[in-house]
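Report on the following structure.
The values are calculated or read from the model by the stated rules, or taken from the named source; none is laboratory data. Since the structure is predicted, the reported quantities are computational estimates derived from the model, not experimental observations. Quick reminder, even Gly has a Cβ in these numbers, built from the backbone with ideal geometry, and neighbours come from all protein chains shown.
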Amino acid sequence: MSVLYLIFGAAGLGAAAYLFVCNRRLTAKLRRAEMLFDLSTQVHSSLHKPELINSVNAAAKQLIFAEEAAVGLVDDWDSQDNELTKTMAHSVGDKVSVPMLARGRKVGVLEATAKIGGARFSRADHETLTQFARPLALALDNARLYEALEESVGELQMATALKDRLENELQIAGSIQLSFLPTTMPSANEPFDVCALLKSAKEVGGDFYNFFKIDEEHLFFTLGDVSDKGIPAALFMAMTLSLIKGKMNAKLSPGELLEMVNDELCTDNAQLFATIICGVLNISTGEVVLSDGGHCTPYIVKADGSVLPIKLPKGIPLGSFPEFTYRNQTIELEHGDRFVLYTDGITEAENERQEQYSTSRLQNFLSQTSGYSSAEIIDALLMDVFMFADGAPQSDDIAVLCLMRR
């Protein structure tokens, strides 16, 4: 009996020892699982790559008791596959290395070296590091995406600030451009009625006009179109109007004025040009002296509604080449006649079917404006053009000038 008791006692002790060992193993696995969970939570709490990489050493020491750990990030894994294979061949021993994969792409390698106490890394250490590498890889990939997002947001903010600044500068440029144009129209007591309008396709443009009394007997007027849009055209327009205003006087004919302005513009070599028509009205007699610089054909609208195209001797656009002789032509405005100048933004305005407004439509419109004032003609013409375009965007600057002898 005593032998039997001894056998049962030994068996009980063996079972207890086995249960103790199993319990320790389970406790160690549970502690490691809890540690993995805590470390995974920590790495996912950061979106900054440097913080994540710095946390690797502490994590490796806690998980597999490594002296050091490092993360190797790669951008082009196609050229790194052989190196990764070589690294994984030494995954157990004095160092352990595991790949990091996230969202189907290879992020890098997690490597730990020099286990505390001089022991060698086991397969269990490899498995533990592999389990930690998964959330770390995902966290690093999230950090990469966040970094790219921050960079994109920064670029967007810079682009928005630049856009706002450019828009502000363009508004200022538009205001400066408008300052070169007449701001008031003649009074109703004058024996003539003149009105003009400019509508740029962009914030600033190249179409221009001007009119002013040279003296009590003569009214100067002009309208033109620079061969470009935007800031370059606006600068060329400002230079052209400044030269016209500065040089025109009662002793100059329109042709002589254009010669002087053209030579000045060619000297500056601006690489732009401007079509133009300018004229001088004798307020008392209705005689108008005109000169053309390659511009659109102007029209006279008679009091009875008939429309007469005015064929002027053709000159070259301003700024084309110097020492060109511009010729003058004299016409007469009778009482009630209206002289209409415009830029090709009117006749070449397109609708969605890419049909142009055309000179024939313009003449037909003008024939229906009997009794209109200069301002009424311009307002009605713009309305007619925009109705024809039917929502199609304005592709060119528009300028119109109408002069009527009362």
- prompt: Which of the residues that make up the range 347-378 are touching a residue at least 40 places away in the same chain (Cβ under 8 Å), part of a helix (DSSP H, G or I) and more than 19 Å from residue 308 (Cα to Cα)?
  reply: 375
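Filter the range 268-300 down to the residues that are of a type in the set (Gly, Ala, Ser) and in a loop (DSSP other than H, G, I, E, B) and list them by number.
Initial filter on the range 268-300 (of a type in the set (Gly, Ala, Ser)): 270, 274, 279, 284, 286, 291, 293-294.
Hits for the range 268-300 are 270, 284, 286.
Suppose the filter is part of a loop (DSSP other than H, G, I, E, B), acidic (Asp, Glu) and either touching a helix residue (DSSP H, G or I) at 6+ places or on another chain (Cβ under 6 Å) or on the phi < 0 side of the Ramachandran plot (or both); does residue 334 pass it?
yes
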Residues satisfying the stated conditions in the range 345-400, i.e. modelled with pLDDT under 90 and within 19 Å of residue 302 (Cα to Cα): 370, 371
message: For the range 205-223, check the following and say yes or no: at least one residue is at pLDDT below 90, over 18 Å from residue 346 (Cβ atoms) and either hydroxyl-bearing (Ser, Thr, Tyr) or out of contact with any His (no Cβ under 8 Å at 6 or more places or on another chain) (or both).
response: no
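For the range 301-309, does any single residue satisfy the condition of being part of a strand (DSSP E or B) and under 36 Å from the mean Cα position of the chain (by Cα)?
Going residue by residue through the range 301-309, those that are part of a strand (DSSP E or B) are 301, 307-309.
Right, trim to under 36 Å from the mean Cα position of the chain (by Cα) and you get none.
No; the residues of the range 301-309 include none that is part of a strand (DSSP E or B) and under 36 Å from the mean Cα position of the chain (by Cα).
Give 377, 398 a once-over and let me know the one that is buried (at least 18 other Cβ atoms within 10 Å of the Cβ), closer than 22 Å to residue 292 by Cα, among the aliphatic types (A, V, I, L, M) and touching a strand residue (DSSP E or B) at 6+ places or on another chain (Cβ under 8 Å). Lay out the reasoning, then the answer.
Numbers: 377 fails: closer than 22 Å to residue 292 by Cα.
Sole residue among the options that is buried (at least 18 other Cβ atoms within 10 Å of the Cβ), closer than 22 Å to residue 292 by Cα, among the aliphatic types (A, V, I, L, M) and touching a strand residue (DSSP E or B) at 6+ places or on another chain (Cβ under 8 Å): 398.
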- prompt: Which one is surrounded by the fewest Cβ atoms within 10 Å (Cβ to Cβ), of the residues in the range 318-362 that are farther than 27 Å from residue 268 by Cα and of a type in the set (A, V, I, L, M)?
  reply: 331
Qualifying positions in the range 64-99 - over 49 Å from the mean Cα position of the chain (by Cα) and at pLDDT below 80: 86, 88, 89, 90, 91, 92, 93
field: Subset of the range 302-334 (residues that are closer than 23 Å to residue 207 by Cα, touching a residue at least 60 places away in the same chain (Cβ under 8 Å) and hydrophobic (A, V, I, L, M, F, W, C))
entry: 318, 324
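Return a yes/no flag: does the range 251-273 have any residue that is under 17 Å from residue 399 (Cα atoms) and buried (at least 16 other Cβ atoms within 10 Å of the Cβ). Before the answer, list the steps.
The first filter runs over the range 251-273 and keeps only residues under 17 Å from residue 399 (Cα atoms), leaving 273.
Now narrow it down to the ones that are buried (at least 16 other Cβ atoms within 10 Å of the Cβ): 273.
Scanning the range 251-273 turns up at least one residue that is under 17 Å from residue 399 (Cα atoms) and buried (at least 16 other Cβ atoms within 10 Å of the Cβ).
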message: Let me spell it out: the conditions are (1) more than 33 Å from the chain's Cα centre (by Cα); (2) in contact (Cβ under 8 Å) with a residue 24 or more places away in the chain, and residue 344 meets all of them except one. Which number is the exception?
response: (1)
